[in-house]
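The block underneath contains the structure these notes are about, expressed in structure tokens.
The values are calculated or read from the model by the stated rules, or taken from the named source; none is laboratory data. Predicted, not measured: the structure shown is a model, and the values here were computed from it. Heads up, the Cβs are rebuilt from the backbone with ideal geometry, glycines too, and the neighbour counts pull from every protein chain shown.
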Amino acid sequence: MLLSVALMPPDHVLDDVEAMLARTPAPPGEFSWVGRSALMIPVFGLGNITRVEVSAIATYLSDELVDPEPAPRVRFAGAWALEEEGDPTVALPLVGEVDRVRALARNLQVLVADHGFFVDRRKFVPRLTLGSVTPTTSLPFLERLVGALAEHATPIWSVDSVALVRRRFDDDAETEIWEVVDTVSTTRDQG
């Protein structure tokens, strides 16, 4: 299976994002939304991995990834839209203890690579991609969307786990479908 490591916002945060987006509906064809299962922050890809290797990676990360400090606290706030040449995406930037989240992402790459797996070291980008503009996206819609994003902040959440995810290929799906194969805690049980 094609495996990636990602940060998955909790359901209550995704519910908040979807509720906010519902208040700014896109006219037909003006925006290509990502599906709920793709609302994650990719950290890196691992390529084609067997189920046995997935289990080994999850076990290894469970043993090595634990941070004695409380999990980084973050939220999504603001708007990121079409800010890099050739990038048609609109996203929510991650704010809060982002430096700690970046350190976690770097540590994940090192741990997995040290365990003998090839790591696709694409740059970790701390933002949640919501979708992409289309050739028919109007400026009024884009301005409304960016304005709504800029005025909104999600609830604060703790980055206390990482997910091993795989993309499912479904010919009938209108959007990418991702499923969580395993979840690994990054903190010691504080209870």
Open item on the list: Regarding region 119-135, can at least one residue be identified that is at pLDDT 90 or above, in contact with a Ser or Thr (Cβ under 7 Å, 6 or more places away or on another chain) and surrounded by fewer than 17 Cβ atoms within 10 Å (Cβ to Cβ)?
Closed with: yes
Open item on the list: Based on this model, can you work out whether Gly86 counts as touching a strand residue (DSSP E or B) at 6+ places or on another chain (Cβ under 8 Å), within 23 Å of Lys123 (Cα to Cα) and loosely packed, with under 14 Cβ neighbours inside 10 Å?
Closed with: no
Open item on the list: Looking at the structure I just gave you, is Arg51 farther than 28 Å from Ser132 by Cβ, buried (at least 16 other Cβ atoms within 10 Å of the Cβ) and out of contact with any Leu (no Cβ under 8 Å at 6 or more places or on another chain)?
Closed with: no
Open item on the list: I'm told Val52 meets every condition in (1) touching a residue at least 40 places away in the same chain (Cβ under 8 Å); (2) closer than 21 Å to Val165 by Cα except one. Can you identify the failing condition by its number?
Closed with: (1)
TODO: Just give me the residues in region 146-191 being aromatic (Phe, Trp, Tyr), modelled with pLDDT under 90 and under 15 Å from the mean Cα position of the chain (by Cα), in sequence order.
DONE: Trp178
- [ ] Determine whether region 57-67 contains at least one residue that is more than 18 Å from Leu130 (Cβ to Cβ), crowded, with 16+ Cβ neighbours inside 10 Å and among the hydroxyl-bearing types (Ser, Thr, Tyr).
- [x] yes
Open item on the list: Considering only region 73-86, I want to know if a residue exists there that is assigned to a loop (DSSP other than H, G, I, E, B), closer than 29 Å to Thr187 by Cα and out of contact with any Lys or Arg (no Cβ under 6 Å at 6 or more places or on another chain).
Closed with: yes
